[in-house]
Structures are given as C-alpha cells and as structure tokens.
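Notes follow once the structure below has been shown.
The values are calculated or read from the model by the stated rules, or taken from the named source; none is laboratory data. Computed from a predicted model, the values in this text were never measured in an experiment. As a convention, Cβ positions derive from the backbone with ideal geometry for all residues, glycine included, and neighbour counts pool all protein chains shown. Heavy atoms of the whole protein, side chains included, go into the accessibility calculation; ligands, DNA and RNA do not. Shrake-Rupley method; radii C 1.70, N 1.55, O 1.52, S 1.80 Å.
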Amino acid sequence: MITNILSKAYTTVKQNFWSLVAMFLPTLIFSAFSGWLVPMLTNFDSIVVQAMIGSVDLPSKLGGVFSLVLVLEIITFLLGTSFSFGLIIGLKDGKFRFKNAFVAFHGFTWLAVLGLYVVEVILLSLLVGFFAMVTIGFIVAAMKSWFFGILAFIVAVLGVVCLVYVGLGLQFLFFTYFMDKDDDDTNFFDAFVTNWKLIKGYRWQLIGFILMQFLIGLVLMVIAGLISGIIFAILAVMSNPGLRLVVAAILGLIAVVIFLGAYVFYGLWSAVANAQFFLDLRDRKATTSQPTAEESQD
C-alpha cells in the first residue's frame, strides 16, 4: 500500500509539476513572506529598547505585533490547507487547476477548518498537560522514593503512546470534513468520529508511511550536505582568488537551483502522497463496508 501510494504520487507530480507549482505558489510566497516578517516583528529586544526610551507604548506595541503575527499564521495555515483540498479535487478528476488552491475560501469552509483546528489543539493540549503534570508529580515524589521515578517513566511512555495514537486518529481530520461537508446528514463534530473510524486498523500503515516520508526527506538532506561539501572542497583547493570567485558563483547558482527544485518537488510529492493515502484509505473502507451479494439477498 505504502510503496504504491508513493509511486502514484511521484508519477502525479512528475506529470503535473508546473500545474502543482502554480497551485502551491500562493502558499509558498505567503509562507516565505510570513517567515521573513514574523521574526522581524517579534524582535522583543528591539521593542523593549524602544519602550525604555519612550518611543513606543510597550503593551500596545506587543498587542499589535501579536495580532499581526496571529493573522499571518492563520492565513498561512488556511492557504496550506486549501492547497491540500485542491489536491483532493485534482486527484479525483485528474486536473490540477490553479483556482482549486483557494477552494477552502468558498463559503465558510475556512471558518469550519479553523474550528476543527482549535478543537484538535485543545484536545491534544489537554492530553499533554495531563501526562506532563502526572509525570512531573511523580518526578518530584521520586526524591523520597525511587519507586515514583519508575512510575514517572511509565507515565511518560504511556503519554507519548497515547499522544501518537490520538494524533494518528486525527491525521486526516480536515480531509474528512472537506469530503463530507456537503452531506446534509453530517455536522461539524461528525468529522472527528468519521476520521477516527477511517484510521481504525490502519495506524501501523500510517506510521510506516510517515516514517518513509521522513527517511526520504532525510536522504535528500544528506545529499544536499554532500553536494555542499564537494563545492567547498573544490573551492578550497583553488589558489587563484578571482577564479575561485567565478567558480563559487557558478557552482552556487547551480546548487541553489538544484536545492530549490528538490525542495519544491519533495514538498509537492509529500502533499500529493498524503492526499492519495487518504483517498486510497477511504476507498478501502468503502469497499469493506459494502455488503456482499449473499448479505444483500438476505
């Protein structure tokens, strides 16, 4: 299942690369803009210095910065989610249109997505908070008895297992809502139940799928590091400063183009693979839930 999905995703990206790039471009541009602007806005030391010399009001400045950063992060999240929804549509009809990158902004889909995200974050935060408090409590108690130290370790392990289990059960929550949102028999919270049932029995496959994506990304990083090392090694053995500068410019440009292309291709491949995994899993569940011929006659 995993290798088949990864292979289909690779073929899809290869055949529709520029269409997918066009769809992904709004998310990429806004993400880069947000990534550049947010650190600049959140330069706390600069804000404090300005407040100390009286040029700004610290509370209002921090409040304005926080609001702007929050808005930027929300827009980036919605654009990325909308792009994923566009991939679902493209995989179903075989056409990846630029307009589908904004499908989440049709109607109030974006608002429901934010609501699902908030509920998901609250649920996971409560689990983290519970296991963290219990673990810390046992660690403090371990100062008087080593037995509580063992309990702290056990609770910590159970906490990690529980978070992974719940996190996997919510892996395709937004996809599930998007596919079922037009069904009159479903509501906002049905997405949690439907998605949980969808993942049931396929958690190990999902773990393997995530690990495979991680390993491929790791291999690409290692290759990028090796290429960078080779470039530096070539420049190190060159004694002519002018020639070294020319070669550095040429090799640097080639490396940037290769790295950027690989980064975009890997990002698109990973996103398409996630959408393909969801659709294949949904098809499998639909097939297994259909009654057999004998059951239909009964």
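Listed values, structure above:
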{"quantity": "Accessible surface of the range 144-298 [probe 1.4 Å, protein heavy atoms]: carbon and sulfur percent", "calculated": "72"}
{"quantity": "Mean separation of Cα contacts under 8 Å (6+ apart) over length of the range 72-131, as relative contact order %", "calculated": "29"}
{"quantity": "Dimensionless Rg ratio for the range 152-298, taking C-alpha atoms and the 2.2 N^0.38 Å reference", "calculated": "1.65"}
{"quantity": "Value of D in µm² per second that Stokes-Einstein yields for the range 102-223, Kirkwood Rh from Cα pairs, at 4 °C (1.567 mPa s)", "calculated": "75"}
{"quantity": "Karplus-derived HN-Hα couplings along the range 97-109 (A = 6.51, B = -1.76, C = 1.60, θ = phi - 60°), whole Hz, x at Gly and Pro", "calculated": "9, 4, 5, 6, 5, 10, 5, 5, 8, 7, x, 10, 4"}
{"quantity": "Loop trypsin sites (Lys or Arg not before Pro), the range 181-272 (other Cβ atoms within 10 Å of the site Cβ: 15 or fewer; DSSP)", "calculated": "200"}
{"quantity": "Among the listed pairs 95/200; 14/95; 8/95; 181/285; 95/181, those beyond 24 Å (Cα-Cα)", "calculated": "95/200"}
{"quantity": "For residue 177, net neighbour charge (Lys/Arg +1, Asp/Glu -1) across residues whose Cβ lies under 12 Å away", "calculated": "-4"}
{"quantity": "Gain upon complete extension [residue 120, residue 7; 0.36 nm per residue less C-alpha separation]", "calculated": "37.6 nm"}
{"quantity": "Projected area averaged over orientations for the range 131-177, convex hull of C-alpha atoms, nm²", "calculated": "3.2"}
{"quantity": "Rounded, prolate or oblate (a/c below 1.5 giving rounded, otherwise prolate when a/b exceeds b/c) for the range 213-261 by Cα gyration tensor", "calculated": "oblate"}
{"quantity": "DSSP-loop chymotrypsin sites (Phe, Trp or Tyr not before Pro) across the range 88-156, with at most 13 other Cβ within 10 angstrom", "calculated": "108"}
{"quantity": "The range 92-145: trypsin sites (Lys or Arg not before Pro) falling in loop per DSSP and having at most 13 other Cβ within 10 Å", "calculated": "95, 144"}
{"quantity": "The range 61-214 - charge dipole about Cα centre, Lys and Arg +1 at Cβ, Asp and Glu -1, debye rounded to 20", "calculated": "440"}
{"quantity": "Karplus-derived HN-Hα couplings along the range 202-207 (A = 6.51, B = -1.76, C = 1.60, θ = phi - 60°), whole Hz, x at Gly and Pro", "calculated": "10, 5, 5, 5, 5, 4"}
{"quantity": "When the range 164-240 is reduced to its Cα atoms, the Kirkwood hydrodynamic radius in Å", "calculated": "15.9"}
